[in-house]
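Take a look at the structure set out below.
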Amino acid sequence: MEWRLLFLPVIGAFIGYSTNYIAIKMIFRPYKEYNILGLKLQGMIPKRRHELAVSIAETVDRELLSLKDFGRAMKDVDLRISIYNIVASVVEKKINLDIFERLPFLGSISNGLKLLLIESICNTILENFESIVEKIINELEKDTDFKKIIVERIDSFNLEKLEQLILKVASKELGYITLLGGVLGFVIGVVQVIFLSL
């Protein structure tokens, strides 16, 4: 009888460890819903993925990063030189195609006129840079559903990759939870042995 009692802590540890291990696995698996004797079985994240996606999107938009934050960041970063170069390149190509190719007699004054036009257009854009950025952000806020984009990206994210990502980040903590299940099971087994020995 005493020899058998010694198995209680071992069995308790095994049950506690196994239960926690299976519970952690069931956060993600099975990916697809299975109907077993009327009981629907599916991992928590696959089953609630859309709700999680909506919750994450709302949190990101409200607490972490919104289009207004993006607009402020654009104003803080000095993009003037980059924008000047991009606009100058685009305008030069457009002028070459639309004006100087169609009006070849302008060839003799083309370089000076071209530089004047490019400089005038680019300087006008740079002078109004902040208001242009503000208008772009306002239009984006009206026409872009930032939360919807986040929800769609999370909904379409591969579940296997998501599982690997979460396990990579939290593998140590999840390992401790599994081990804790074994330790608690062992302790409960020891308590049972003490009670049965009385």
In the range 1-83, which helices (runs of 4 or more DSSP H) lie fully inside it and hold 1 or more residues that are modelled with pLDDT under 85 and acidic (Asp, Glu)? 2-5, 44-59, 67-76
The number of residues in the range 114-135 that are loosely packed, with under 13 Cβ neighbours inside 10 Å and either outside any helix (DSSP H, G or I) or in contact (Cβ under 8 Å) with a residue 24 or more places away in the chain (or both) is 2
Residue list for the range 161-198, restricted to those being under 17 Å from residue 11 (Cα atoms) and outside any helix (DSSP H, G or I): none
Suppose we keep only residues that are modelled with pLDDT under 90 and either surrounded by 17 or more Cβ atoms within 10 Å (Cβ to Cβ) or in contact with a helix residue (DSSP H, G or I) (Cβ under 6 Å, 6 or more places away or on another chain) (or both) within the range 179-195. Which one would you say is nearest to residue 20 (Cα to Cα)? 189
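The values are calculated or read from the model by the stated rules, or taken from the named source; none is laboratory data. None of these values were measured; they are calculated from a predicted model. Neighbour counts run over all protein chains shown; Cβ positions are idealised from the backbone, glycine included.
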